[in-house]
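The structure appears below as structure tokens.
The values are calculated or read from the model by the stated rules, or taken from the named source; none is laboratory data. Here the structure is a predicted model, which means the values were calculated and not measured. So basically every Cβ, Gly included, is an ideal-geometry build from the backbone, and we count neighbours across all protein chains shown. For accessibility, only protein heavy atoms count, side chains too; no ligands or nucleic acids. Shrake-Rupley method; radii C 1.70, N 1.55, O 1.52, S 1.80 Å.
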Amino acid sequence: MIPTPPPGIAPEQLFHPFQLVTGDAATDAVLSGRNFKVTGPSNDSGDATVNVPSGSQNLDFVIHDDATGLDAMKRITFFADRYTAEVEVKVTRNNQPVPAKLAIGPNIGDQGIDRYSFYLYAPEGIAVVNNEVMRFNAIEVHSDRRNTGLVNRLLEWLGLKTPVTKPPDHEPLDGSVQWAGVGDTYFGMIAVPAKGVSGLEYRTAVYEQKVDNKPEQRFLITGLVPLPTDGAKTEIYVGPKDHRLLKAASEEIAKTGGGQVDLGEVINFGFLGGMRRFLAVPILFAIDRLQRLTGSYGVAIMLFTIFIYSLFFPLKWQSSRKMKKAQKYAPRMKELQEKLKGRKQSDPRMKELQMEQLRLMKEANPLGGCLPLLIQMPFLFALYSAITISIDFRQASFLWIPDLSGPEPFFLHFLRILPIMFTGSMIVLQLLTPAPSADPLQRKMMAVGMPLFMLYILWSAPAGLLLYWLVGNVVGFLQQLIINRLTKEEPSPPEERGATKKPPKKLKPAEA
């Protein structure tokens, strides 16, 4: 949570956790400006620590205003053995129910992060509305235009479609809300109403934070979740975005009558999230078991990488064999292409050459070498997600690396060892792996150009991810040495049909 509000934010833009909002200015002024009477742990300083060694404990906040006839009660129940709490709210004016919303946020997670990157999500809004998972980037909420999708944004930029406007720093949503909240890469704060409610909205407040002595625009994002007017309990989850804890919280909410929810959707698995989640959960289970055996997440990543690369070794063997054959057949394919140039369709040799080309393409199709690699891609994507978003690796140290979830610290103030080692291993592996192209210059350009590009992309990547890639390259290098040694030399392409040389005709000796 935000312990101290950043400077420069107007009071009307700043919300506090569990603040009640009704939309009526006079009512909201009382709810936010008056002191609630607190029943439960108390302290003369105004601060209190709630200690729940076992069972549960309630904390009640009550307010009454004679001028407006307003009564509000907010009860929070804390439990000793779970990350969820229960909130019951009743707001009445002259004994008539007043619809209210509960502030979730602003923000949650690692407030000391200097900068957010491709590997680290900034705080965002998360909700399930009409059974659809929706995520709200703070920049989109801050904008005065509604995000209508990539295609519509392109049409708007071209002037072919009128943008859909909205109030800045305000994102109202229509539809039934199953749950809603805010979260970053590793932590989330989620409210689960007892029944479907409508009227969810997100608010943002912009402020500046200095990064490397340069001002950078940041946002606070708060979800205003509507509450049942009958005072029904709303479950609140505040804690790590860990799939095991979120699953347990979902089951606990279902037991207490809160409905069937899947809080695992809080975790942002990125593109093809359903597929990645399906594979990442067992991957995280395996790494967790290896960590318990070895006592180190770094060693667990290394052992799991060796296992996963060994599992796909037969596919790599098949891929290398196909690539070698494609490389061997490349000169013959080029020769056939030269013969086909300039020939007319009526040429009797045209069909024969085309059939010969199809036959060689079938036997040495370079896509046959790529297909096994494509089969591995979902597992590699899932492993990438597991390492970059799992809280297990947050602040997990390994050798000289203090945190596997963050970038490796600089060596000599400007170097990072893992990215450089990864790039070197990738260059060696590229040169060793057969490629369909027989052009040595093209192979060298790819072998050097691609690793340098990856070095740029992964320079600030989480150390755990780089450790995985580095160990994978080392294992791949050893596997390729074995494949190159054991793979038989591919035969040369068969002779062109119809081009078999006839034996020389025997001639009779000349008569004198």
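Values for this structure:
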{"read-out": "Residue within the range 264-280 that is open to solvent by 30 Å² or more (accessible area, probe 1.4 Å), in contact with a strand residue (DSSP E or B) (Cβ under 6 Å, 6 or more places away or on another chain) and either at negative phi or assigned to a helix (DSSP H, G or I) (or both) present", "value": "yes"}
{"read-out": "Within the range 119-128, considering residues that are modelled with pLDDT under 90 and either of a type in the set (A, V, I, L, M) or surrounded by fewer than 18 Cβ atoms within 10 Å (Cβ to Cβ) (or both), the one farthest from the chain's Cα centre (by Cα)", "value": "A122"}
{"read-out": "Long-range neighbours under 9 Å by Cβ, at least six apart or interchain, first residue under 19 Å from I9 (Cα atoms) within the range 189-206, second hydroxyl-bearing (S, T, Y) and open to solvent by less than 30 Å² (accessible area, probe 1.4 Å)", "value": "Y202/T222; R203/T222; T204/T222; A205/T222"}
{"read-out": "Tabulated pairs, the range 392-403, first within 16 Å of R292 (Cα to Cα) and part of a helix (DSSP H, G or I), second open to solvent by less than 80 Å² (accessible area, probe 1.4 Å) and not small (G, A, S), C-beta under 6 angstrom, 6+ apart or interchain", "value": "F393/Y297; F393/L404"}
{"read-out": "Scan of the range 236-263 for residues that are open to solvent by 50 Å² or more (accessible area, probe 1.4 Å) and not in a helix (DSSP H, G or I), ordered by number", "value": "V238, T256, G257, Q260, D262"}
{"read-out": "Criterion: open to solvent by 80 Å² or more (accessible area, probe 1.4 Å), at pLDDT below 90 and touching a Gly at 6+ places or on another chain (Cβ under 8 Å) - qualifying residue of N51, N43, N94", "value": "N94"}
{"read-out": "Qualifying residue in the range 224-235 (condition: touching a Pro at 6+ places or on another chain (Cβ under 6 Å), buried (at least 19 other Cβ atoms within 10 Å of the Cβ), closer than 29 Å to A280 by Cα and not basic (K, R))", "value": "no"}
{"read-out": "The range 184-228, residues that are among the β-branched types (V, I, T), at pLDDT 90 or above and under 19 Å from H16 (Cβ atoms)", "value": "I190, T204, I221, T222, V225"}
